[in-house]
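Single-structure report; data block below.
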Amino acid sequence: MPQTDLAGTDEAPADAPELAVTVRGVSKNYGSVEALRNLSLDFPRGQLTALLGPSGCGKTTLLKIIAGLLEPSAGEVRVNGRPVTGPGPDRAFVFQDFALLPWATVLRNVAFGLELRGVARAEREAIAERYIAQVGLSGFEQSYPHELSGGMRQRVGLARALSVDAEVLLMDEPFSAVDEQTRRKFQEDLLGLVARENKTFIFVTHSIEEAVYVSDQVAILLPRPSRVSEIIRPQGLRTKDVANIRRDPEYLDIVDRIWNSLRSYVE
Amino acid sequence: MTHRSLILKLLSAAIVFGAWEIAGRIPISFAFPTFIDSMAALFAMIADGSLFAAFGETLRPLAVGVAISAFFGIVLGLWIGLSGWFDWLFSPIFVVMQAAPLAALIPLLVMVYGIGLTSKVFVVCIMAMPVIVLNTAGAVRNTPASLKEMGRAFLGNRRDIILKIVIPAASPIIFSGLRLGVSAGFIGAILAELKITPTGVGDIITYSRSVADYPSMYAAIFSIIVLAVLFLNLLERLEHTLFRGNIRGYASD
Ligand SMILES: Nc1ncnc2c1ncn2[C@@H]1O[C@H](COP(=O)(O)OP(=O)(O)OP(=O)(O)O)[C@@H](O)[C@H]1O
Ligand SMILES: [Mg+2]
């Protein structure tokens, strides 16, 4: 399986040093279904980009193409300036359906990415334990996925992606299975994560509020065949206190604007 | 939990044996002995050692055949499940094998391989292998695509994905195929002894029927069933130790 090189060996490419991921003219057809058509989008390094769009518009497809799990029918994706030809150590994926191993404990599931990379057991379990604690699952290390709630399973998937320490995190509706309180807590944690770690987050969501709340930029996708219809960059929100964002006039404005542009497709 | 299932097992055994005893006492046929008579014959055969000698004979083709079927059955099944080309080539053979009336093939086997161990092992394999192959192949083909995708996303190579994702995911169905295959192998071993040359347990059955010693005949049949059940339980134990997480709350506990 072809892979891009380790990020460490990487001289900053001349064309776009501050762009972690660039998507250029990507199309994807599933047989006769045209999921994406000529989609282009940039993902600045260290920022969180939300992909927002109606169900079935191709968000998961785009994310999997960036991950190197799917081949685009046309176009090109670059990560750190290098064309993507398959999965690589610079990207980690949080799956919409969790994709946990039902026969493995939480600990082994979280450590599984490291296990596949050949990290020694003691080391990978120490790392996994740290991330299990970080997502609030301490005490469940030896539980099996079927013993966890949907939200807890989702956190296991999140911890697994975090523990491989990839530069780019591809998150497919990571908070869809949790209740509103937990969701808000996760969103705050995510903001902390974005601020703390210099990682690039690509985040799929159905929630306009969530997208505006957590993102540096929101890309709005049109229904199939999907292209980017609009990119919105909330300006002043990042510097404000997390607790007050939801009352901020700019936040409310943007939510309104996105709703207005999406509404035409719902109707 | 295990307590309740043990009690249930004992209870169902008691019902079966009770029915057997009653049926033997009516009697439904003069050739059908009571449970108690059969057990007496069983203990007599255990006491004089003839049962163990018979098992020694019967278990040889059975053990060899089951081992071959399990190993090659799983390997072939994995191959068939993983490669469309292999599937196209081999699947029909095993589907036909599973459906074919085996007894009709025995004379042919005897013609080619004689009346020795080889023919008997073949009979066991023909009985046991198809279901193991087909179950394994089906289970492998149905590995959740999202798990394989996850393996690829986290940089698993093909070998890792097969060993750490495909096989564990398929293991419950592989094991159920093994259980069915082993049961069929037991039938095959006895069938071989009845149809090819009477040896071992098959010999006891043939001989005691010819002298109308029906309790001994049923005792022999009973003993082979007990052995099969014990072996199947052992297999289940093995599955649970190998794949702990597979015990995802069965209805019985
Ligand atoms: N393997 C596939 N084969 C055929 N069509 C597919 C396949 N995967 C996705 N599609 C189609 O491509 C379109 C985009 O699917 P995708 O999963 O990317 O949507 P999505 O935006 O993630 O939707 P949701 O928000 O509901 O998760 C859908 O219309 C779907 O029918
Ligand atoms: Mg999706």
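The values are calculated or read from the model by the stated rules, or taken from the named source; none is laboratory data. Just so it is clear, the model here is predicted, and its values are computed rather than measured. Cβ: placed from backbone, ideal geometry, glycine included. Neighbour counts: every protein chain shown. Accessible surface is based on the protein model in full, side chains and every heavy atom, while ligands, DNA and RNA are left aside. Shrake-Rupley method; radii C 1.70, N 1.55, O 1.52, S 1.80 Å.
Determine the shielding of peptide A:116-126 by partner chains: average, over its residues, the number of Cβ atoms on other chains within 10 angstrom of each Cβ.
Average per residue, whole number: 2.
Please figure out what share of the DSSP beta bridges in the protein assembly as shown is antiparallel and state it in percent, rounded to the nearest 5.
Bridges in the protein assembly as shown that DSSP calls antiparallel: roughly 50 percent.
Take peptide B:157-167, look around each residue's Cβ out to 10 angstrom, count Cβ atoms belonging to other protein chains, and average those counts.
Details: counts 2, 1, 0, 5, 1, 0, 0, 6, 5, 0, 0.
Averaged over the peptide's residues, the number is 2.
Contour minus end-to-end for B:Glu236 and B:Ala99, with contour as 0.36 nm per residue of separation and end-to-end as the Cα-Cα distance?
46.7 nm
For a quick size check, give me the Cα extents of the range B:36-242 along its three principal axes, largest first, whole Å.
That gives 68, 39, 21 Å along the principal axes, largest extent first.
How much mean residue ellipticity at 222 nm does chain B get from its helices, if each DSSP H run of length 4 or more adds -39500 (n - 2.57) and you divide by all residues, to the nearest 500 deg cm²/dmol?
The helix contribution divided over chain B gives -26500 deg cm²/dmol.
I'd like the accessible area for B:Met97: 1.4 Å probe, protein heavy atoms, all chains in place, Å² to the nearest 10.
Its accessible surface works out to 60 Å², give or take rounding.
Sequence gap at least 6, Cα distance under 8 Å: using those rules, report the relative contact order of chain A to the nearest whole percent.
25 percent
Set the Förster distance to 30 Å, then compute FRET efficiency between A:Tyr30 and A:Trp259 from the Cβ-Cβ distance, nearest 0.05.
0.55
Per residue of A:86-92, how many C-beta atoms from partner chains lie within 10 Å of its own C-beta, taken as a mean?
3
Can you give the accessible area of B:Ser12 in Å² (nearest 10), computed on protein heavy atoms with a 1.4 Å probe?
60 Å²
Which residues in the range B:209-240 place their backbone N less than 13 Å from a point set 7 Å from the Cα of B:Phe30 along the Cα-to-Cβ direction?
B:212-214
Could you tell me the calculated FRET efficiency between B:Ala23 and B:Arg159, based on Cβ-Cβ distance and R0 = 45 angstrom, to the nearest 0.05?
Step by step, r from the Cβ atoms, then E = 0.20.
Which value in deg cm²/dmol, rounded to the nearest 500, describes the helix-derived mean residue ellipticity at 222 nm for chain A, given -39,500 (n - 2.57) per DSSP H run of n ≥ 4 and division by the residue count? Don't jump to the answer; show the numbers that get you there.
Details: 7 runs with 90 residues, N = 267.
Using -39500 (n - 2.57) per qualifying helix, the result is -10500 deg cm²/dmol.
If you line up the long axis of helix B:200-210 against the longest principal axis of chain B, both from Cα atoms, how many degrees apart are they, to the nearest 10?
40 degrees
Within 13 Å, Cβ to Cβ, of B:Pro215, how many net charges do the neighbouring residues add up to if Lys/Arg are +1 and Asp/Glu are -1?
Cβ neighbours under 13 Å give a net charge of -2.
Identify, among A:Tyr131, B:Ile68, A:Leu63, the residue whose Cα sits farthest towards the positive end of the charge dipole of the protein assembly as shown, taking +1 on the Cβ of Lys and Arg and -1 on the Cβ of Asp and Glu, with the dipole about the Cα centre.
Farthest towards the positive end: B:Ile68.
Out of all DSSP beta bridges with both ends in chain A, state the antiparallel percent to the nearest 5.
50 percent
What is the sum of charges around A:Ala35, taking Lys and Arg as +1, Asp and Glu as -1, for the other residues whose C-beta is under 14 Å from the C-beta of A:Ala35? Before the final figure, lay out the partial values.
Values: positive: A:Lys28, A:Arg37, A:Lys59, A:Lys64, A:Arg224, A:Arg227; negative: A:Glu34, A:Glu71.
Value of the local net charge: +4.
When ranked by the protection proxy of mean other Cβ atoms within 10 Å per residue, highest first, what sequence do the peptides B:219-230, A:167-178 form? Mind showing how you got there, number by number?
Values: B:219-230: 17.7, A:167-178: 22.2.
The packing order, highest mean first, is A:167-178, B:219-230.
What's the ranking of B:44-54, A:85-95 by average number of surrounding C-beta atoms within 10 Å, highest first?
A:85-95, B:44-54
Give me the aspartates and glutamates in straight-line cross-link reach of B:Lys148: C-alpha distance below 20 Å, same-chain residues under 8 apart excluded.
The qualifying aspartates and glutamates are A:Glu71, A:Asp90, A:Asp97, A:Glu115, A:Asp172, A:Glu173, B:Asp87, B:Asp160.
Based on the Cα gyration tensor of the protein assembly as shown, what are the three equivalent ellipsoid semi-axes, each the root of five times an eigenvalue, rounded to whole Å and given largest first?
Equivalent-ellipsoid dimensions as semi-axes: 63, 25, 19 Å.
Can you put A:Arg257, A:Arg263 in order of accessible area, largest first, using a 1.4 Å probe?
Result of the area sort, largest leading: A:Arg257, A:Arg263.
Using a Gaussian network for chain B with springs between C-alpha atoms less than 10 Å apart, which of these wobbles most: B:Ala103, B:Ala63, B:Ala41?
Largest GNM mean-square fluctuation: B:Ala103.
Quick one: compute the contact order of the range B:97-201, relative version, from alpha carbon pairs under 8 angstrom and 6+ residues apart, as a percent.
So the answer I get is 42 percent.
Which whole-number percent is the relative contact order of the range A:153-224 (Cα, under 8 Å, 6+ apart)?
Across the range A:153-224, relative contact order equals 35 percent.
Distance between Cα centroids, the range A:174-218 to the range A:46-95: provide it in whole Å.
Between the Cα centre of the range A:174-218 and that of the range A:46-95, the gap is 18 Å.
Please sort A:249-256, A:42-49, A:216-223 by packing, taking for each peptide the average over its residues of neighbouring beta carbons within 10 angstrom, highest first.
A:216-223, A:42-49, A:249-256
Residues of the range B:118-132 with backbone nitrogen within less than 11 Å of a virtual label 7 Å along the Cα-to-Cβ line of B:Leu89, please, listed as ranges.
Counting only backbone N, you get no residues.
Mind checking which of B:Ile46, A:Pro145, B:Thr34 is farthest towards the positive end of the protein assembly as shown's charge dipole, using Cβ charges of +1 (Lys, Arg) and -1 (Asp, Glu) about the Cα centre?
With unit charges placed on the Cβ atoms, the residue in question is B:Thr34.
Cα axis of helix B:50-82 to longest principal axis of chain B: angle in degrees, 0 to 90, nearest 10?
So the inclination is approximately 20 degrees.
Using protein chains only and a probe of 1.4 angstrom, how many square angstrom of B:Ile165 are accessible, to the nearest 10?
0 Å²
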